[in-house]
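What follows is one structure encoded as structure tokens, with my remarks underneath.
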Amino acid sequence: MCDNCKCDEVKGKLRGFEVVIDEGRHFKDQEITLPTRGSISSAGYDFYSNETVTISPNELYMIMTDVKAYMQEDEYLALHIRSSVGIKKGLMLANSTGVIDSDYYQNEKNDGNISVPLVNMTRVNQTIKKGERIAQGIFNNYLKVDNDNVDIKRNGGTGSTGV
């Protein structure tokens, strides 16, 4: 754990996943499965769908996980499509790779609820079933450049740090 971590909410914890508070949840009346690794050597933590949904060709559908991630200040969670979803179903993340910053955790807009924006790149409808593994998250460190002087703190959810 970093000694100069400014995020009091995660002091004492390194990184992990929690269920979003009720006010930020989309599936309030169901049990949420936290991300898990598929094997001892898996780099990614699999995220699960909370609903069964059919996505039409060229359609964008946002799957809400009702999961948030906590991590150290110099870390981020990279969200990638699972190979089986991308290759077998032709579904891709709308933003190619999702970057979940450490200050997205417990933000005031949605408590850090991680979404999986899927686009159907095929010519046929594709179905995601409730409980299906849809994406994987990999924790990473990042470095800052000399003379970095950003002092802006996130105050909202997706897209809240810029236009």
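Values as computed for the structure displayed
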quantity	calculated
In the range 36-63, residue surrounded by the fewest Cβ atoms within 10 Å (Cβ to Cβ) [restricted to those that are under 21 Å from Phe139 (Cβ atoms) and in contact with a Ser or Thr (Cβ under 8 Å, 6 or more places away or on another chain)]	Asp46
Whichever residue in the range 8-24 is at pLDDT below 95 and either buried (at least 16 other Cβ atoms within 10 Å of the Cβ) or polar (S, T, N, Q) (or both) and, among such residues, is nearest to the chain's Cα centre (by Cα)	Gly24
The range 93-132, residues that are free of Cβ contacts under 8 Å to residues at least 40 places away in the same chain, out of contact with any Pro (no Cβ under 9 Å at 6 or more places or on another chain) and either charged (D, E, K, R) or crowded, with 16+ Cβ neighbours inside 10 Å (or both)	Ile100
Count of residues meeting criterion [assigned to a strand (DSSP E or B) and touching a Lys or Arg at 6+ places or on another chain (Cβ under 7 Å)] in the range 48-68	1
Index of the failed condition, Glu73 passing every other in (1) surrounded by fewer than 21 Cβ atoms within 10 Å (Cβ to Cβ); (2) part of a strand (DSSP E or B); (3) in contact with a Ser or Thr (Cβ under 6 Å, 6 or more places away or on another chain)	(2)
2 or more residues under 16 Å from the mean Cα position of the chain (by Cα), modelled with pLDDT of 95 or more and closer than 17 Å to Asn95 by Cβ: qualifying strands (runs of 3 or more DSSP E) within the range 105-163	115-120, 133-141
Where Ser84 falls short, out of the listed (1) within 15 Å of Arg133 (Cβ to Cβ); (2) polar (S, T, N, Q); (3) in a loop (DSSP other than H, G, I, E, B); (4) without any contact (Cβ under 8 Å) to a residue 60 or more places away in the chain	(3)
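The values are calculated or read from the model by the stated rules, or taken from the named source; none is laboratory data. What you see is a predicted model; the values in this text were computed from it and never measured. Because the Cβ atoms are built from the backbone with ideal geometry, glycine has one as well, and the counts that use them run over all protein chains shown.
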